[in-house]
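**Student:** Below is the structure I would like to discuss, written out as structure tokens.
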Amino acid sequence: MSLWLMSIILLATGLAAGFLSSVAGLASLVSYPVLLMLGLPPVSANVTNTAALIFTGAGSSIASLRELHHVRKTALNVTIYALIGGVVGSFLLVIAPAKTFERVVPFLVFGAGVLMLWSQFRHTVPKKAENPHHLEIMILKNIAILLVGVYIGYFGASAGMIMLSILIVTLNATFGEINAIKNFAAFMTNILSLIIYAFTTKVYWWMVIPLGIGMFVGGYMGPVVIRHVPVKPLRIIISFAAFGLAAYLFYTAYY
């Protein structure tokens with residue numbers, strides 16, 4: 001396959017993956033399988049995908065500045081816990097095979113889809129009402145985000161979907177604000193993970209450029225689209241997309 005054709009494939013893949021990542025955290029539905037198809041080993045495909053996802057994070061964060069301004073403190077808190085986890089996960093990747101998490105991923109993604117679907121029917125607590133379990137929920141949320149950060153640094157596929165589901169269940173904010181927090185936290189964690197990857201494993205940098213350009217454009221488009229579509233149908237669509245992705249990942253991990 002010629003270099004030009006591969007670049008065009010990567011650019012188109014980046015557009016689709018960037019949009020899906022910024023809207024639902026589902027970049028791996030597109031980009032990871034394409035990198036494998038182009039002949040990259042699993043670990044290199046994972047870290048090359050992480051490098052390109054930084055462009056998605058940049059595009060979606062720029063497009064989400066309005067939402068991030070309203071939830072600055074929460075976004076910072078989520079990002080700090082995700083970064084701590086990201087450091088741990090990145091070093092785990094160096095000493096343990098990615099196959100370990102690869103077999104767990106389908107169940108995590110399926111659980112994220114269930115959380116997303118359940119969030120449509122749960123009873124929400126009004127913003128000004130006292131929640132007697134606030135401290136317990138906050139602790140569990142922080143632990144869950146820390147673990148997602150470990151996962152981002154270690155393997156990363158569908159981490160955005162998992163984090164989005166956790167934040168929807170634990171935060172009292174609009175979908176646009178929650179999505180912006182997810183995008184920014186994943187963006188910062190991917191940057192930190194990539195710094196560690198650059199010294200510990202092989203990144204196919206020439207592939208990152210066309211893939212990253214597409215992801216930047218797709219990532220910028222996502223938050224803009226979210227402002228103009230109904231939230232409930234979007235969450236339901238994302239939930240069923242997660243079930244489909246979980247089935248695909250289960251098949252590739254076990255067969």
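The values are calculated or read from the model by the stated rules, or taken from the named source; none is laboratory data. Bear in mind the structure is a predicted one, so any value in this text is a computation, not a measurement. No Cβ is skipped: glycine too gets one built from the backbone with ideal geometry, and neighbour counts run over all protein chains shown. Note: accessible area is taken over every heavy atom of the protein model, side chains too, but ligands, DNA and RNA are not part of it. Shrake-Rupley method; radii C 1.70, N 1.55, O 1.52, S 1.80 Å.
**Student:** Which order do peptides 230-243, 204-217, 70-83 fall in by mean Cβ count within 10 Å, highest first?
**Tutor:** 204-217, 70-83, 230-243
**Student:** Given a 1.4 Å probe, how much area per residue of segment 150-255 is accessible, in Å²?
**Tutor:** It amounts to 40 Å² per residue over segment 150-255.
**Student:** Same structure, new question: If one takes the longest principal axis of the Cα atoms in the chain, at what angle in degrees, from 0 to 90 and to the nearest 10, does the Cα axis of helix 3-24 lie?
**Tutor:** Helix 3-24 sits roughly 10 degrees off the main axis of the chain.
**Student:** Average projected area of the Cα convex hull of segment 155-212, in nm²?
**Tutor:** 4.7 nm²
**Student:** Rounded to the nearest 10 degrees, what's the angle between the helix 72-95 long axis and the longest principal axis of the chain, both from Cα atoms, 0 to 90?
**Tutor:** Tilt of helix 72-95: around 40 degrees.
**Student:** Given all pairs of different Cα atoms, what value in angstroms does the Kirkwood hydrodynamic radius of the chain take?
**Tutor:** Every distinct Cα pair counted, the radius reaches 17.9 Å.
**Student:** For the chain, with all protein chains present and a 1.4 Å probe, just round the carbon and sulfur fraction of the accessible area to a whole percent.
**Tutor:** It is 75 percent, rounded to a whole number.
**Student:** Rounding to the nearest 10 and keeping the result within 0 to 90°, find how far the Cα-based axis of helix 105-118 lies from the longest principal axis of the chain.
**Tutor:** 30 degrees
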